[in-house]
């Protein structure tokens, strides 16, 4: 196995994943993972999005369920409890509150505002692309995040990797290097298969190779993230190999030891 730890795992509470908490753990054990971190989409008080993230009222149950399973499977796998969350300055105090409850946060910027408006999973104008970069850079500056998830999703529906896309890449990667924040090669994009781009190429939406060519210029540490929304994705080790093959000629540096978290 290329990497026997994965910290990017979701649960049914986000509204767009399937399977029980225990099924994810059993799949990870079967696949040979030594460490499994759960990082379901974090809630925001008073702003429920049932198809996108858990409700704040589900948070304690999420933690209690995983804590019980952590104990049940402690002799077979190491379980960690985290959350995937965006950076919104108006929700900064909530992030601090979340970190009192879980072991880690990963930064995955999905939209401009916490109510879900302004999703970046679309064709983005130059202004929207710059908003993405600015949110990511502001979030990295807080030092709250263990790593940056799927940094290249902004290329998802773009016509080409143009000058603005390159500028966004450099802004994000510079800030990640400056803050020593690892960046994720997201395997979920590989599992979606190669897609047809307007320029006639067939490639993954993410990891997007042009982004990672730029990443190779910076002193960064990379990590694979399964971004599992189905237990079966943890069993799909071929996708990790395909992600590695896609980028192996770039000379990227990977973290070789799992993270150490403060016990809660």
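Just so you know, all these numbers are worked out from the coordinates, no wet-lab data involved. Bear in mind the structure is a predicted one, so any value in this text is a computation, not a measurement. Backbone-built Cβ (ideal geometry, glycine too); neighbour counts: all protein chains shown.
Observations
- Debye log10 I(q)/I(0) at q = 0.11, 0.15 Å⁻¹ for segment 1-73, Cα point scatterers: -0.29, -0.51
- With the highest mean first, a sort of the peptides 66-77, 140-151, 187-198 on other beta-carbon atoms found within 10 angstrom per residue produces 140-151, 187-198, 66-77.
- Distance between segment 183-205 and segment 225-264 - C-alpha centres, whole angstrom: 16 Å
- Beta bridges per DSSP, both residues in the chain: antiparallel share near 10 percent.
- Between segment 46-85 and segment 106-135, the alpha-carbon centres lie 25 Å apart.
- Those residues of segment 201-226 whose amide nitrogen sits under 15 Å from the label point placed on residue 174, 7 Å along Cα→Cβ: 214-215, 217-219
- Simple spin-label estimate for residue 125 and residue 162 in nanometres, 7 Å along Cα-Cβ: 1.3 nm
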